[in-house]
Structure formats: C-alpha cells, structure tokens
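Some notes on the structure that comes next.
Readers should treat all values here as calculations from the given coordinates under stated rules, not as data from a laboratory. Only a predicted model underlies this, so the values are computations on that prediction, with no experimental measurement involved. Using ideal geometry, Cβ is built from the backbone for each residue, glycine included, and neighbour counts are taken over all protein chains shown.
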Amino acid sequence: MALVQVVAVAALSLVLGLLLPHGFFEAVGWLTGPLSWLLCAWFTAWVVGLQPAPVLVRAVLAGLPSLLFVLLGAHWLGALVAVTIFAALCATLPRPLAGNAA
C-alpha cells in the first residue's frame, strides 16, 4: 500500500512539476497539494482493491500531520511521514477476498 502511494505521489508530482510553473504551486499549492494527495489515495485504493471512502478518510487523517512539516519547510519529509501514517491506518481496513476486488 505504501509503495503504491509513494509511486503515485512521486509520479503525479513529477508530471505536475514538469507541466506547471513554480509560481502556480506558490499561489495555489495549498489546494493542489491536498487534492493531489487525495487523488493518489483514491488511485491507491483502486490498485489495492479497497473501498475508496475509508481510504480517503485515512488519507485526510494522515495528511494532517504533514502540515507541520510544510510549515517548517520540509515538504517532502512531511510527505514520507504522511505515507507512513496512511499505510498504517489503511492496514486496519478489511482486505477484499481474492477475485472480489472492487
């Protein structure tokens, strides 16, 4: 789960970083960052075969502590902390039966 989220976040960050100017993130990063995080969490839920709603709730909860890191100027460290918390929270979710992934 953590690996899927890390790859999704890294890939989306790379694509957005290549397509959009730095000023875009300075202006609306407070919105695009959380929305990107949630999009990646939804993708992770889909890949792993979990229901999206509980995964997205856990993504929000995991993302909150990363705000501290953003304020301290350690954005990527905050992302790693968030992924770790996200994976730990999602580990409590029931796993789908083989062949019954949503």
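Calculated mean residue ellipticity, 222 nm, the chain: -27500 deg cm²/dmol, from DSSP H runs (n ≥ 4) at -39500 (n - 2.57) each, averaged per residue and rounded to 500. In order along the stretch 28-35, the phi-based Karplus estimate (6.51 cos²θ - 1.76 cosθ + 1.60, θ = phi - 60°) of 3J(HN,Hα) comes to 10, x, 4, 9, 5, x, x, 5 Hz; Gly and Pro are listed as x. So what's the projected area for the chain, the Cα convex hull averaged over all directions, in nm²? Averaged projected area of the chain's Cα convex hull equals 6.4 nm². The ranking of 44, 32 from fewest to most other beta carbons within 10 Å of each one's beta carbon is 32, 44. Here the Karplus curve 6.51 cos²θ - 1.76 cosθ + 1.60, taken at θ = phi - 60°, turns the phi angles of the stretch 37-52 into couplings of 4, 5, 4, 5, 5, 4, 4, 4, 4, 5, 5, 7, x, 9, 5, x Hz, with x standing for Gly and Pro. The spacing between the stretch 1-21 and the stretch 32-102, judged by their C-alpha centroids, is 13 Å. With the simple spin-label model, which puts each label point 7 Å out from Cα in the Cβ direction, the residue 91 to residue 68 separation comes to 2.0 nm.
Considering only alpha-carbon pairs that sit under 8 angstrom and 6 or more positions apart, the relative contact order computed for the stretch 9-99 is 23 percent. The ranking of 95, 58 by Cβ neighbour count inside 10 Å, starting from the fewest, reads 95, 58.
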